[in-house]
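The values are calculated or read from the model by the stated rules, or taken from the named source; none is laboratory data. The structure displayed is predicted, hence computed values, not measured ones. Reconstructed Cβ throughout: ideal geometry from the backbone, glycine too, with neighbour counts over all protein chains shown. Just so you know, the surface numbers come from the protein's heavy atoms only, side chains and all, with ligands and any DNA or RNA stripped out. Shrake-Rupley method; radii C 1.70, N 1.55, O 1.52, S 1.80 Å.
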Amino acid sequence: MQEKFMKLALKEARKAYDKEEIPVGAVIVKDDVVIARAHNVKELKNDTTRHAEIIAIQKASKKLGSWRLEDCEMYVTLEPCSMCAGALIQARIKKVYIGTMDYKTGACGSVLNLLKDYKFNHVVEEQTGVLQEECENLLKDFFKKLRENKKIEKERKLSSGK
C-alpha cells in the first residue's frame with residue numbers, strides 16, 4: 001500500500017518537474033483513500049510557502065472541514081523542511097512516509113528532526129526510504145537538467161557577447 005501512494009506522490013513530483021519546479025510531490029491519505037495531492041509551485045507562484053506538503057495540508061483541511069488531520073498520513077517524495085515538518089505537527093498528521101532524505105534542509109532526520117527531537121504536543125510517526133531510488137533519481141535528473149540548461153545559457157550569452 002505504501003508504494004501505491006508514494007507512486008501517486010511521484011506523479012505529483014513529475015508535474016512539478018514539468019513546470020521547472022523542484023520535483024516534490026505529496027499525497028494525504030485517510031482510511032486508505034487519497035484526500036489531497038499537491039506538488040511544489042514555489043517558483044511559479046513566487047511564494048516560498050508553496051511547498052507540496054503545505055498545499056496538500058491545505059487541501060486536506062478544506063476537504064475534511066478541519067485543520068486537525070489526526071487520522072491522516074502523508075506520502076512525500078522528499079524529506080520535509082522545517083516549515084513543512086512544523087506544519088505536519090500542527091496539522092496533527094498521524095504518520096509521514098518519506099521517499100528520500102534532504103541532507104541540506106531536511107527536518108525529519110537528516111539535518112535535524114523536529115518530529116522526534118523536541119517535546120511538542122503531537123508526535124508524527126515517520127518512515128523513510130519508500131521508493132527511495134525512484135524519488136532520488138527524479139531529483140538527480142532534475143538538477144542535472146538544470147545545470148545543463150544553465151551551462152547552455154551561459155555559453156549562449158558568451159557567444160553573443162552579452
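The residues in region 49-72 that are more than 13 Å from the chain's Cα centre (by Cα) and closer than 16 Å to residue 84 by Cβ can be counted, and the count is 7. When region 84-106 is filtered for residues that are closer than 23 Å to residue 142 by Cα and out of contact with any strand residue (DSSP E or B) (no Cβ under 7 Å at 6 or more places or on another chain), the ones remaining, listed by number, are 84, 103, 104, 105, 106. One residue stands out among those in region 11-31 that are part of a helix (DSSP H, G or I) and farther than 10 Å from residue 76 by Cβ: the one that is least open to solvent (accessible area, probe 1.4 Å), which is 16.
Pairs linking a residue in region 81-95 that is touching a residue at least 12 places away in the same chain (Cβ under 8 Å) and closer than 15 Å to residue 64 by Cβ to a residue that is assigned to a loop (DSSP other than H, G, I, E, B) and open to solvent by less than 10 Å² (accessible area, probe 1.4 Å), with Cβ atoms under 7 Å and 6 or more positions apart or on different chains, are 91/69; 92/69; 93/69; 93/124. Are any residues in region 1-10 open to solvent by 20 Å² or more (accessible area, probe 1.4 Å) and not polar (S, T, N, Q), and if so, which ones? Those that are open to solvent by 20 Å² or more (accessible area, probe 1.4 Å) and not polar (S, T, N, Q): 1, 3, 4, 7, 8. Listed by position, the strands (runs of 3 or more DSSP E) contained in region 33-150 that have at least 2 residues being open to solvent by less than 70 Å² (accessible area, probe 1.4 Å), closer than 26 Å to residue 18 by Cα and in contact with a Gly (Cβ under 9 Å, 6 or more places away or on another chain) are 33-39, 72-78, 95-100.
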